[in-house]
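J.: Got a structure for you, questions after.
The values are calculated or read from the model by the stated rules, or taken from the named source; none is laboratory data. Because the structure is a prediction, the values reported are computed rather than measured. Neighbour counts are summed over all protein chains in view; Cβ atoms, including those assigned to glycine, are modelled from backbone coordinates with ideal geometry. Surface areas here come from the heavy atoms of the whole protein model, side chains and all, with no ligands, DNA or RNA. Shrake-Rupley method; radii C 1.70, N 1.55, O 1.52, S 1.80 Å.
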Amino acid sequence: MKKRWLFLAVLLVLIVPLASAGGGRDRGAASNLIVVITPGHDNPFFKTAADFADARAKALGYDTRVYVHNDDANLQSQYFDLAIADKALAIVCDNAGADATIAAVQKAKDAGIPTFLIDREINATGVAVSQIVANNYQGVQLVAEYFVRQMGERGDYVELVGRDTDTNAHVRSQSYDDLISQYPNMRRVARQTANWDQAEAFRVMQSMLQANPGIRGVISGNDTMAMGAMAALKAAGRGEVIVVGFDGSNDVRDSILAGDIKATGLQQIARIAELAVEQADRYIKSGSTGQPEKQLIDCVLINTDNANRLNDFSLR
């Protein structure tokens, strides 16, 4: 009799782990983890995205891990591997490249882990569950219209462009061009990338100004580059040059209120990050977000009329 009970006890020890390793929701039953992966937090836009996603996930009762890929697709892939090894319930990611990220998201999907992309799209559908991004084209159109009015519909200007591997950089540049090119007396005399970076934008702006001393305006693909451009212009005694950015950062808010940078387009990244987590929560619990994969969130023009209401990429 004792031998029989001992056999049953051993059998139970063997069966229970096998049952918990099954498919479906039980696969991650031992995990309560949502992983957040973004570019570097030295850019306040990405730090806000990470902070709001992290806070919303914790408020919904999840554990979190936050990783920074610094626009390195290989490092990003390693973080996806960690999320898979940790049996994460979901990944929220502001990705490191529209093409380079596809394989990592597919790898997570194959492991049963859904990915919710924010801010930047990838060049594939049906791999991520959600791709929630600001309506960059619509937002830049608002900024471009304001820029043209500030320029009096005439004059030479230059453009600072974001990272070439980022879809947003191309969308924003195209949107600027589509609107400004309608004005025959507006002339773009230089266009160069500064890779979303403030220090690089400072250096690029210095070179642009030396080559084009008569410019009256600067359009920038993001706020960080706009801040670098404004600093270079002021250092050269050209603080009157009309500069516009795009993102809606606190730094540019303060610059607008100080009378320097003229406008920016607010990407509501705080809300976008929260939406991604909320949709992840819904998907984890029901298997559906109830939303289409591609989702566009409209942007808001920020100038002296409403800059005092802007804080942490949200209008108060």
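J.: Just to be sure I understand, how many residues within region 253-268 are at pLDDT below 95 and open to solvent by less than 30 Å² (accessible area, probe 1.4 Å)?
T.: So the first thing to find is which residues in region 253-268 are at pLDDT below 95, and the list is 267-268.
Going one step further and asking which of them are open to solvent by less than 30 Å² (accessible area, probe 1.4 Å), we end up with 267.
Summing the residues that are at pLDDT below 95 and open to solvent by less than 30 Å² (accessible area, probe 1.4 Å) in region 253-268 gives 1.
J.: Which residues, counting only those in region 127-163, are polar (S, T, N, Q) and part of a strand (DSSP E or B)? Steps first, please.
T.: At the first step, the residues of region 127-163 found to be polar (S, T, N, Q) are 130-131, 135-136, 138, 141, 150.
Result: Ser130, Gln131.
J.: Separate question: Residues of region 65-76 being within 13 Å of Val35 (Cα to Cα), open to solvent by 30 Å² or more (accessible area, probe 1.4 Å) and out of contact with any Pro (no Cβ under 9 Å at 6 or more places or on another chain), which ones?
T.: To start, the set of residues in region 65-76 that are within 13 Å of Val35 (Cα to Cα) comprises 65-69, 76.
Adding the requirement that they be open to solvent by 30 Å² or more (accessible area, probe 1.4 Å) leaves 65-68.
Arg65, Val66, Tyr67, listed by residue number.
J.: Tally time: how many residues in region 183-237 are of a type in the set (A, V, I, L, M), assigned to a helix (DSSP H, G or I) and surrounded by 19 or more Cβ atoms within 10 Å (Cβ to Cβ)? So that I can check it myself, show each step before the final result.
T.: First, pick out the residues of region 183-237 that are of a type in the set (A, V, I, L, M): 186, 189-190, 194, 199, 201, 204-205, 208-209, 211, 215, 218-219, 225-227, 229-233, 235-236.
Those left that are additionally assigned to a helix (DSSP H, G or I): 199, 201, 204-205, 208-209, 211, 225-227, 229-233, 235.
If we keep only those that are surrounded by 19 or more Cβ atoms within 10 Å (Cβ to Cβ) as well, we get 201, 204-205, 208-209, 225-227, 229-233.
Total meeting the criteria: 13.
J.: If you scan region 269-303, which residues turn out to be free of Cβ contacts under 8 Å to residues at least 60 places away in the same chain, over 20 Å from the mean Cα position of the chain (by Cα) and either open to solvent by less than 10 Å² (accessible area, probe 1.4 Å) or at negative phi (or both)?
T.: Scanning region 269-303 gives Arg282, Lys285, Ser286, Ser288.
J.: Against the condition surrounded by 16 or more Cβ atoms within 10 Å (Cβ to Cβ) and under 21 Å from the mean Cα position of the chain (by Cα), how does Arg172 come out, does it pass?
T.: Values: surrounded by 16 or more Cβ atoms within 10 Å (Cβ to Cβ): yes; under 21 Å from the mean Cα position of the chain (by Cα): yes.
Yes, satisfied.
Each row is one residue, and each column tells you yes or no for (1) within 21 Å of the chain's Cα centre (by Cα); (2) surrounded by 18 or more Cβ atoms within 10 Å (Cβ to Cβ); (3) closer than 23 Å to Asn303 by Cβ; (4) in contact (Cβ under 8 Å) with a residue 60 or more places away in the chain.
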{"position": "Ala83", "(1), (2), (3), (4)": "yes, yes, no, no"}
{"position": "Asp99", "(1), (2), (3), (4)": "yes, no, no, yes"}
{"position": "Ala104", "(1), (2), (3), (4)": "yes, yes, no, no"}
{"position": "Ser130", "(1), (2), (3), (4)": "yes, yes, no, yes"}
{"position": "Tyr137", "(1), (2), (3), (4)": "yes, no, yes, no"}
{"position": "Arg149", "(1), (2), (3), (4)": "no, no, yes, no"}
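Let's see how each residue does on (1) more than 28 Å from Glu153 (Cβ to Cβ); (2) part of a strand (DSSP E or B); (3) of a type in the set (Lys, Arg):
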{"site": "Gly239", "(1), (2), (3)": "no, no, no"}
{"site": "Arg253", "(1), (2), (3)": "no, no, yes"}
{"site": "Gly259", "(1), (2), (3)": "no, no, no"}
{"site": "Thr264", "(1), (2), (3)": "no, yes, no"}
{"site": "Ala270", "(1), (2), (3)": "yes, no, no"}
{"site": "Glu278", "(1), (2), (3)": "yes, no, no"}
{"site": "Leu301", "(1), (2), (3)": "no, yes, no"}
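J.: Continuing with this model, one more query. In region 106-119, what residues are open to solvent by less than 60 Å² (accessible area, probe 1.4 Å) and either of a type outside the set (Ser, Thr, Tyr) or farther than 12 Å from Val35 by Cβ (or both)? So that I can check it myself, show each step before the final result.
T.: Taking region 106-119 first, the residues open to solvent by less than 60 Å² (accessible area, probe 1.4 Å) are 108, 111-119.
Selection gives Ala108, Ala111, Gly112, Ile113, Pro114, Phe116, Leu117, Ile118, Asp119.
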